[in-house]
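One structure is given below, encoded as structure tokens.
The values are calculated or read from the model by the stated rules, or taken from the named source; none is laboratory data. Just so we're clear, the structure is a prediction, and the values are computed from it rather than from any experiment. Quick reminder, even Gly has a Cβ in these numbers, built from the backbone with ideal geometry, and neighbours come from all protein chains shown.
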Amino acid sequence: MKKIHELKVLENKSIAEDTFKLTLDGSSLGEDFPAPGTFFQLKIDKGGAPLLRRPISVFDADEVKQTLTLIYKVLGWGTKLMTGLVPGDLLNVHGPLGTGFPIQGEAGKVLLVGGGIGVPPLYELGKRLQAQGAEIVTVLGFRGAGQAFALEEFSTLGPVYVATEDGTLGTQGFVTDAIREHEVAFDTLYACGPQVMLKALDQAYQETKNGYLSFEERMACGIGACYGCMTETKEGLKRVCKDGPVFAMGEVQYGD
Amino acid sequence: MKKIHELKVLENKSIAEDTFKLTLDGSSLGEDFPAPGTFFQLKIDKGGAPLLRRPISVFDADEVKQTLTLIYKVLGWGTKLMTGLVPGDLLNVHGPLGTGFPIQGEAGKVLLVGGGIGVPPLYELGKRLQAQGAEIVTVLGFRGAGQAFALEEFSTLGPVYVATEDGTLGTQGFVTDAIREHEVAFDTLYACGPQVMLKALDQAYQETKNGYLSFEERMACGIGACYGCMTETKEGLKRVCKDGPVFAMGEVQYGD
Amino acid sequence: MNPLKMTLPGLDLKNPVMPASGCFGFGQEYGEYYDLSRLGALMVKAVTWEPRRGNAMPRLAETPAGMLNAIGLQNPGIAGVEKELVWLEQFDLPIIANVAGYSVEEYVAVARRISQVPNVHALEINISCPNVKEGGIAFGQDPQVAKELTMKIKAVSEKPVYMKLSPNVTDIRLMARAVEEGGADGITMINTLVGMRLDLRTGMPILANGTGGLSGPAVKPVAIRMIHEVYRTVKIPIIGMGGISSAEDVLEFLYAGASAVAVGTANFSDPYACPRIIEELPEVLKKYGFATAAEAVGYSHRRK
Amino acid sequence: MNPLKMTLPGLDLKNPVMPASGCFGFGQEYGEYYDLSRLGALMVKAVTWEPRRGNAMPRLAETPAGMLNAIGLQNPGIAGVEKELVWLEQFDLPIIANVAGYSVEEYVAVARRISQVPNVHALEINISCPNVKEGGIAFGQDPQVAKELTMKIKAVSEKPVYMKLSPNVTDIRLMARAVEEGGADGITMINTLVGMRLDLRTGMPILANGTGGLSGPAVKPVAIRMIHEVYRTVKIPIIGMGGISSAEDVLEFLYAGASAVAVGTANFSDPYACPRIIEELPEVLKKYGFATAAEAVGYSHRRK
Ligand SMILES: Cc1cc2nc3c(=O)[nH]c(=O)nc-3n(C[C@H](O)[C@H](O)[C@H](O)COP(=O)(O)OP(=O)(O)OC[C@H]3O[C@@H](n4cnc5c(N)ncnc54)[C@H](O)[C@@H]3O)c2cc1C
Ligand SMILES: Cc1cc2nc3c(=O)[nH]c(=O)nc-3n(C[C@H](O)[C@H](O)[C@H](O)COP(=O)(O)OP(=O)(O)OC[C@H]3O[C@@H](n4cnc5c(N)ncnc54)[C@H](O)[C@@H]3O)c2cc1C
Ligand SMILES: Cc1cc2nc3c(=O)[nH]c(=O)nc-3n(C[C@H](O)[C@H](O)[C@H](O)COP(=O)(O)O)c2cc1C
Ligand SMILES: Cc1cc2nc3c(=O)[nH]c(=O)nc-3n(C[C@H](O)[C@H](O)[C@H](O)COP(=O)(O)O)c2cc1C
Ligand code: FES
Ligand code: FES
């Protein structure tokens, strides 16, 4: 039977504009030590508010240190409250949830593409792929240099290229511009970020490459029971929280 | 213009069954250092819940140490959350509110009568009366010995008699039984506690003694604007939060 | 004797707590968290005759102590739901099927067929879904329409029929009386209040559907008030819901007049909400002086 | 130019934020916390012809993200209120008088007389108080009754008349249209939802009155939805309220169609709620791309 966990906060620090890195003691997770691309639903209320849990991806699941690291952007009520977590606090987490990135046997040239708050899930993924012998290039997109984070971590995996909308770091423009500029060659693509980015990548590469994209939707249950987080796919409506958040390129049918 | 204060928590410890003593740094209160019988409305939400402030009386306002001490009983949602306050936390308090105990010139034989969670406001009162030269006897009522608190503090003011419903400490019975048993003589009575206790005292002594009673009602605004906390008096409806919580004996008209 | 036992038309409940329709799918997902046989019953997701796609995304928004949903009756249709119900046969668990429709004919056809499924012990007729353009709530806001629909469904159903009332009405008592007159065996209430949130960036409603149904603790005082009113108005039993998240909440609903309760939104923040509440209930009953849950039903009305 | 300036019938507002009726008395108490001239306007407590004692205690109960009140129109009567209004003359502050009654005659008499008070710039007719046994909400749940009352009050009032709508109705648009047809100059909405809480110890309702009015953040999504509907239904302006506690909330109400807003329950947890919101509003408007508050009114309806 599945469990809910109470994890101890080890660290919660600002790493970029409105962006925090939250490290949790994951030693009690046991079988629930997460796979890349999965996420946790965090309960951040004290006294019942906010009502819903907040879905946050796994950035780093360090089996040696037994730590679970998440990176979150302060967006609204819930993430703002999260900034108040201090070492020693217990955080109630539900997960790991969802179907993550398929990595079985993946050992060729891999391109990781992250946009903004879509960057976090790619790092744990990259670590696992690297361990399997994959050759990794990372392209990350941010609004500007002030929003950029995790460059150091990704550079341990291979070359990292950055695109910023305002040109304050790396290529001016979007991740697609940086991929083109650096003529990145790859067999398999893994990406997470705003839907427009995912759609652009999907349309550009679904004919020629393998690839997996991680999507976001507003969630309530997080386990596939409420039908709140659907996405249209070739095989009909699917639940982002349970059947996703990762879908193969070509699967999702984008709206307008 | 009146102000709201953020006070630093210095200590928050259990002193009896479900009863806590909360000490706050009151050095920033300035003009708002409270008079006996007044109360503060405490904001205990994190993230908006619970919605309303909780009214808690002044137990001890130490002008020398510049500390403000409150004693609260864990009853429901709000007071339960209060037990989570730890030293260093900032607590948002609105007050002092209400019309406290009149003590001007009071220097004769004084009887303080407190029942349960009505005990706290009498201690600061007793300190001030003692400083004015009053001769003080205190009678406190509790459910049982496990619920009794603040006996030590009150014993610095003069004799203390206790009544418990279950007889596990002092007189078995109510405060009125203890007063009778010890044949306490007094000129002026000050009391706070459950309405049945106040009614009994009022009926017993309003003809023969001076006295002031402190009442409780559910409150929203705490300043007299919402008309949520009325009590019937000889002169019509009055607001417990603003015109009270203290009323002279004989003033309040009890329902059934 | 089991102090939580409760008997309602068609339902011999080992305890009075069940997941609310639409908040628990067909049980598979929460079945990974605990043994579903612990539940008093299970109200499954709404079923229509044809498969329905439901509304566009986003379908969810958070509100203070509540949430809005506009799922819009997405479901695999009656044939698909029948398959799901087979899976549920492994549990000692009475199923309450939630019936929806876009026309009287659809309601009647679905009710007839689903009432024949063996582990379906009762029907809950959803005349209060605020998230579909036709049908749904329209049936739940006009007493005469509700009464006639109840009669037609009663005529074909092989199982007791509970009508699910909408709180979006001026006088809930008129609706309750109408469905009682129509022959309903019980009432379930409340469905969601219609609400809306706007996205400050785009100016558009957060929900693609515009409006959605408000659920969660925020609506609890409205649910209690309406159940209190309906209990005095009709003789048929009430299954209460709206913001329940603790055993104390359950007791408040029983006092108001509910004979059993359903838990919806609370499952989302705590997947163990139902078994937790069931486990805490005996102690809470005892604390307030009740030997059985049944004793607490309507207690508030015997106190005047 | 003042970007917060807003003009409604009878009301030249320096900003669109005012305390809601019944949550601010006649201003004296909050006047000890800040200069009342900072407010856009002030909706004073309900007034009836005779002094009213209101309901028995307790009159208050807390709910998740909300509260119930059953004050029951306690007020010193028209003569007493007139005296209170004299005190308010020292402020640069348009007063909106909240008129209540137990009969059509009482409403009309109060409206006629209070509309003659110089610093009263508009009337708000409370046909939606859920806390009195006669009158009150009954006028706010029947369109025809509301329309006729509006006409009679319009006939005697020397100031613009805003009708305060109850959310406890099946279709708020019918009520809005009725009062518009009756000649109302504007609408204020929403009053409280009827709710109840039971005391687990006694089994009795916490409120002596039984039911009470639900206010606070919990009701905000209902208020937004109803204002959104009414904006599309009538041409007269709306003053919106229901759970506002921040400048962002104000913007959401303006988007939905309110031309000004009132803040009620939020005053209780933060006595500075109104001036805080007024102070934050220009920045929030700017953040979302509006040069003036007036531009944001009805924005949601121009986005489709
Ligand atoms: C599978 C998944 C993984 C995610 N991983 C990360 C991550 O690693 N780091 C990170 O910073 N963010 C991540 N997000 C986005 C994150 O969940 C939202 O930014 C967050 O929920 C916003 O909450 P809030 O209280 O600050 O905002 P509010 O606007 O107050 O939230 C209100 C409601 O809307 C929901 N919501 C608002 N924005 C989003 C959004 N963009 N996506 C989903 N729900 C939203 C909230 O969960 C909440 O229910 C992820 C989202 C999903 C679905
Ligand atoms: C003027 C005044 C002074 C007080 N001084 C003290 C004190 O020094 N120490 C102490 O322990 N208690 C004191 N009380 C009582 C205290 O306010 C309540 O016990 C407390 O508010 C309960 O809150 P809760 O969240 O734990 O209970 P809940 O039941 O969750 O509270 C729900 C709502 O009801 C109100 N409420 C519940 N019980 C009471 C009550 N007995 N009196 C007033 N409001 C209530 C709460 O304030 C809240 O608004 C005082 C009350 C008043 C009016
Ligand atoms: C996501 C979601 C989906 C729902 N779907 C249905 C449904 O299909 N049929 C139905 O009758 N009620 C549905 N409801 C209403 C619930 O069954 C319940 O009446 C309501 O949510 C109040 O209970 P709660 O506050 O405990 O959630 C749904 C509620 C939610 C939150
Ligand atoms: C304690 C209290 C008293 C109220 N009294 C009145 C009143 O006298 N007249 C009236 O029209 N509305 C009255 N209301 C309703 C408010 O004016 C307002 O419509 C409602 O509370 C919603 O706003 P809020 O959520 O910001 O409080 C009262 C509300 C509260 C909480
Ligand atoms: S969040 Fe409930 S189905 Fe995905
Ligand atoms: S609490 Fe508002 S008048 Fe006393």
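The criterion of being farther than 21 Å from residue B:223 by Cα, touching a residue at least 24 places away in the same chain (Cβ under 8 Å), buried (at least 21 other Cβ atoms within 10 Å of the Cβ) and in contact with a helix residue (DSSP H, G or I) (Cβ under 6 Å, 6 or more places away or on another chain) does not hold for residue B:37. A residue that is touching a residue at least 12 places away in the same chain (Cβ under 8 Å) and either under 30 Å from residue D:272 (Cα atoms) or within 16 Å of ligand 3 (Cβ to nearest atom) (or both) occurs somewhere in the range B:199-215. When residue D:75 is tested against the conditions (1) of a type outside the set (A, V, I, L, M, F, W, C); (2) within 16 Å of ligand 6 (Cβ to nearest atom); (3) touching a residue at least 40 places away in the same chain (Cβ under 8 Å); (4) crowded, with 24+ Cβ neighbours inside 10 Å, the lone failure is (3). The set of residues from the range C:156-204 being within 7 Å of chain D (Cβ to nearest Cβ) and either in contact with a Leu (Cβ under 8 Å, 6 or more places away or on another chain) or among the aliphatic types (A, V, I, L, M) (or both) comprises C:168, C:169, C:193, C:194, C:195, C:196, C:197, C:198, C:200, C:204. Those strands (runs of 3 or more DSSP E) of the range B:143-256 in which at least 3 residues are more than 14 Å from chain D (Cβ to nearest Cβ), considering only elements entirely within it, cover B:160-164, B:188-192, B:210-214, B:246-248. The sole residue among A:178, A:150, A:145 that is surrounded by fewer than 24 Cβ atoms within 10 Å (Cβ to Cβ), touching a residue at least 40 places away in the same chain (Cβ under 8 Å) and of a type in the set (A, V, I, L, M) is A:150.
Within the set D:10, D:54, D:22, the sole residue that is surrounded by fewer than 22 Cβ atoms within 10 Å (Cβ to Cβ) and either charged (D, E, K, R) or closer than 20 Å to residue D:114 by Cα (or both) turns out to be D:10. Within the option set D:242, D:257, D:212, being modelled with pLDDT of 95 or more and within 13 Å of the chain's Cα centre (by Cα) holds for one residue only, D:242.
Here is a yes/no grid of residues against (1) hydroxyl-bearing (Ser, Thr, Tyr); (2) assigned to a loop (DSSP other than H, G, I, E, B); (3) away from chain B (no Cβ under 14 Å):
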| site | (1), (2), (3) |
| --- | --- |
| D:262 | no, no, yes |
| D:267 | no, no, no |
| D:275 | no, no, no |
| D:279 | no, no, yes |
| D:283 | no, no, yes |
| D:289 | no, yes, yes |
| D:294 | no, no, yes |
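Being away from ligand 1 (no atom under 16 Å from the Cβ), closer than 17 Å to residue B:120 by Cα and not aromatic (Phe, Trp, Tyr) is true for just one of B:225, B:178, B:145. Which residue is that? Answer to the selection: B:145.
Filter the range D:221-243 down to residues that are within 11 Å of chain C (Cβ to nearest Cβ) and closer than 20 Å to residue D:271 by Cα and give me whichever is surrounded by the most Cβ atoms within 10 Å (Cβ to Cβ). Going through the qualifying residues, I end up with D:242.
Only one of these is touching a residue at least 40 places away in the same chain (Cβ under 8 Å), away from ligand 6 (no atom under 16 Å from the Cβ), within 13 Å of another protein chain (Cβ to nearest Cβ) and not hydroxyl-bearing (Ser, Thr, Tyr): C:57, C:6. Name it. When all the criteria are applied, what remains is C:57. Just give me the residues in the range B:1-33 being under 16 Å from residue B:95 (Cα atoms) and polar (S, T, N, Q), in sequence order. B:23, B:27, B:28 - these are the residues of the range B:1-33 that are under 16 Å from residue B:95 (Cα atoms) and polar (S, T, N, Q). Filtered by the rule that a residue be more than 23 Å from residue B:239 (Cβ to Cβ) and within 15 Å of ligand 2 (Cβ to nearest atom), the range B:80-107 gives B:80, B:81, B:82, B:83, B:84, B:85, B:91. The sole residue among B:115, B:144, B:133 that is under 30 Å from residue B:253 (Cβ atoms) and small (Gly, Ala, Ser) is B:115. Residue count for the range A:55-105, restricted to those that are more than 10 Å from ligand 1 (Cβ to nearest atom), exposed (fewer than 15 other Cβ atoms within 10 Å of the Cβ) and more than 14 Å from chain B (Cβ to nearest Cβ): 7. Taking the listed residues C:203, C:216, C:242, the one that is in contact (Cβ under 8 Å) with a residue 12 or more places away in the chain and in contact with a Lys or Arg (Cβ under 9 Å, 6 or more places away or on another chain) is C:242, with no other qualifying.
Might you let me know whether the range D:83-99 holds any residue that is within 16 Å of ligand 3 (Cβ to nearest atom) and either surrounded by fewer than 19 Cβ atoms within 10 Å (Cβ to Cβ) or modelled with pLDDT of 95 or more (or both)? No: zero hits.
Just one residue in the set D:55, D:98 is farther than 22 Å from residue D:160 by Cα and polar (S, T, N, Q); that residue is D:55.
Could you please give the count of residues in the range A:221-250 that are out of contact with any Phe, Trp or Tyr (no Cβ under 9 Å at 6 or more places or on another chain), under 15 Å from residue C:58 (Cβ atoms) and more than 6 Å from ligand 5 (Cβ to nearest atom)? Result for the range A:221-250: 1.
Does residue C:42 count as closer than 25 Å to residue C:219 by Cα and more than 16 Å from ligand 5 (Cβ to nearest atom)? So residue C:42 passes the test.
Cβ separations smaller than 8 Å between residues 6+ apart or across chains give the following pairs from the range D:35-54 residues that are closer than 22 Å to residue D:241 by Cβ to residues that are of a type in the set (Lys, Arg) and more than 14 Å from ligand 4 (Cβ to nearest atom): D:40/D:14. Taken together, the residues in the range D:205-220 that are out of contact with any His (no Cβ under 9 Å at 6 or more places or on another chain) and facing chain C (nearest Cβ under 9 Å) amount to 7.
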